[in-house]
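Undergrad: Quick one: the structure is below, and I'll ask about it shortly.
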Amino acid sequence: MSSFFIKKKVISAAPNKGDLKRKSNADDGKGRSKKFSKRKDEEISSDSENESADPNRKQQENEDDEIEETPQEKKLRLAKLYLEQLREEEDKRAEQESFEADLIAGRLQEDVLEQKGKLQRLIAKEIIAPDPAEIRLLRGHKLPVTCLVITPDEKYIFSASKDCSIIKWEVESGKKVQKIAGGRKGTEARHVGHTTHVLCMAISSDGKYLASGDMNKFIMIWDPMTCKHLYKFKGHKGAVSGLAFRRGTHTLYSASHDRSIKVWSVDENAYVETLFGHQDMITGLDCLSRERCVTAGGRDRTVRVWKIAEESQLVFHGHEGSIDCIQLINEEHMVTGGDDGSISIWTVNKKKPVSTVKQAHGSHGNTGLEQPYWVSSVAALHNSDIVASGASGSHNSAVQLWKCGQGFRGLEPLFSVPMTGFVNSLKFSNSGKFLVAGVGQEHRLGRWWRIKEARNGLYIIPLKRQAQEQEVGQ
């Protein structure tokens, strides 16, 4: 039909030569295109036959195509990889910086709360009662242990006794590292060390100085590393009953049966000043990082907070008997124990205890004539909700651990560790991993009675936790 119309058109209209030429060229193109397409189809079919016959060849060709890239494409690919690595490194750095910033912020907040005396780590509920088989006894003193300190790195313990000696122990092995032997009375001029009962000890927060005080009114300063004697401080007119270094410094506070507090600069081997106020012999002293210390006044039944810079004091009343021991929990709170058998928690903002447990270790005697067991020592894990107390004068004495309530209001018993004898000294390690009790056959301040079955020595009580501690600031 197409040929009919073409012919008709040719008859009806006389064509120009140019048109005929264009038409013939077009026809030639059509013919060539048909031939080309036919050849192409043949080539494609032949390729497909080869591919089906040899699939490995196709794979090799594809790999060649992938490998073969222009220099520009290679540069682009490497640049993208480099940018991706930079992006990952930047993300990691940003994450690390964010973590460090949070960590620093947390530490700063903790430091602020600690300075304010409001830091209370809630770890009491995680503490597990120790297995009796895990409690170790270190023996080396001939007479009752009266006091002890733990080095800041928690590797060593120093203990002192009524036998006038000081022993350095290694915590891990329980072995005696060194002993500073005591001397006989009357040999003070030639003997380097104590010649009477050692009543108290303290170690500086950097572990550079160890101080010990005795019944002979002397304070000895030692090098804890070598146990070498450095200085002897004289000035008190009665037995030295309490010692404490101000944290972060080498300022030493001492308390005495002469009712006074003295301040010393150990670096300068110098006496600084004396503070008066107690009406009876002072039985205990403690200090943290502020320029103040707290004391227990024995039979004057007062607890006092001494503000050294202002040369003033705060007086607190609450116990019904002699207050024999005192320990700071943080900068604002403290725990005391006395021969009335009670344990009290105090805050510097109130003149009366915020919490008291009477007959904390029970009582003894006939019906109607019961007497409470004396609380002869207390200890506190700094900035936490755990305190410990030690009873004295019975065959079934114990170290009792207590949980402080929120805001240090209320005391709940956690568990007790039974032991025979007078628990004369208690100290927590800084990390709270263990508690050390110094035990003797007699009370550290006197010889009212003696328990022959007791063993003079140190008990190391491990404190294990169930989970990580929580921290709250009130």
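Undergrad: What tally of residues in the range 293-328 results from selecting those that are of a type in the set (Ser, Thr, Tyr), open to solvent by 10 Å² or more (accessible area, probe 1.4 Å) and in a loop (DSSP other than H, G, I, E, B)?
TA: Qualifying residue count for the region: 0.
Undergrad: Kindly establish whether ARG450 is surrounded by 14 or more Cβ atoms within 10 Å (Cβ to Cβ), without any contact (Cβ under 8 Å) to a residue 24 or more places away in the chain and not polar (S, T, N, Q).
TA: yes
Undergrad: Could I ask something else about it? Just checking, does the range 370-382 include any residue being open to solvent by less than 20 Å² (accessible area, probe 1.4 Å), among the hydroxyl-bearing types (Ser, Thr, Tyr), over 19 Å from GLY284 (Cβ atoms) and not in a loop (DSSP other than H, G, I, E, B)?
TA: No, the range 370-382 has no match at all.
Undergrad: Go through the range 334-352 and report how many residues are assigned to a loop (DSSP other than H, G, I, E, B) and within 21 Å of ARG290 (Cβ to Cβ).
TA: 4
Undergrad: Moving to a separate point now. Consider only pairs whose beta carbons are under 6 Å apart and that are at least six residues apart or on different chains; among these, list those whose first residue lies in the range 158-179 and is without any contact (Cβ under 8 Å) to a residue 40 or more places away in the chain and whose second residue is among the small types (Gly, Ala, Ser) and exposed (fewer than 15 other Cβ atoms within 10 Å of the Cβ).
TA: From residues that are without any contact (Cβ under 8 Å) to a residue 40 or more places away in the chain, the pairs are SER165/ALA181.
Undergrad: Consider ALA398 carefully, then state whether it is within 20 Å of the chain's Cα centre (by Cα) and not β-branched (Val, Ile, Thr).
TA: Against the criterion (within 20 Å of the chain's Cα centre (by Cα) and not β-branched (Val, Ile, Thr)), ALA398 does not qualify.
Undergrad: While we're looking at this one, here's another question. Can you tell me which of GLY238, GLY213 is surrounded by fewer than 20 Cβ atoms within 10 Å (Cβ to Cβ) and not hydroxyl-bearing (Ser, Thr, Tyr)?
TA: Only one candidate passes the filter, namely GLY238.
Undergrad: Looking only at the range 271-292, which residues are open to solvent by less than 30 Å² (accessible area, probe 1.4 Å) and more than 28 Å from the chain's Cα centre (by Cα)?
TA: LEU275, GLY277, HIS278, ILE282, THR283 - these are the residues of the range 271-292 that are open to solvent by less than 30 Å² (accessible area, probe 1.4 Å) and more than 28 Å from the chain's Cα centre (by Cα).
Undergrad: How many residues are charged (D, E, K, R), closer than 30 Å to ALA124 by Cα and more than 32 Å from the chain's Cα centre (by Cα) if we restrict to the range 293-341?
TA: 4
Undergrad: Right, here's the next one. Can you tell me how many residues within the range 353-365 are part of a loop (DSSP other than H, G, I, E, B) and crowded, with 18+ Cβ neighbours inside 10 Å?
TA: Number satisfying all stated conditions: 4.
Undergrad: Starting from the range 401-414, keep only residues that are farther than 23 Å from GLY362 by Cβ, then list their pairs with residues that are surrounded by fewer than 18 Cβ atoms within 10 Å (Cβ to Cβ) whose Cβ atoms are within a distance under 7 Å, requiring at least 6 positions of separation or different chains.
TA: Within 7 Å, the pairs are GLY407/GLN474.
Undergrad: Now for a separate question. Identify, from the list GLY213, GLY207, GLY193, the residue that is assigned to a strand (DSSP E or B) and under 35 Å from the mean Cα position of the chain (by Cα).
TA: GLY213
Undergrad: Quick one: in the range 216-232, which of the residues that are touching a residue at least 24 places away in the same chain (Cβ under 8 Å) and in a loop (DSSP other than H, G, I, E, B) is most open to solvent (accessible area, probe 1.4 Å)?
TA: Only one residue tops the list, namely LYS217.
The values are calculated or read from the model by the stated rules, or taken from the named source; none is laboratory data. Values in this document were obtained by computation on a predicted structure and should not be read as measured data. Don't worry about glycine lacking a Cβ; one is built from the backbone with ideal geometry, like all the others, and counts go over all protein chains shown. Just the protein is used for accessible areas: all its heavy atoms, side chains included, with ligands, DNA and RNA removed. Shrake-Rupley method; radii C 1.70, N 1.55, O 1.52, S 1.80 Å.
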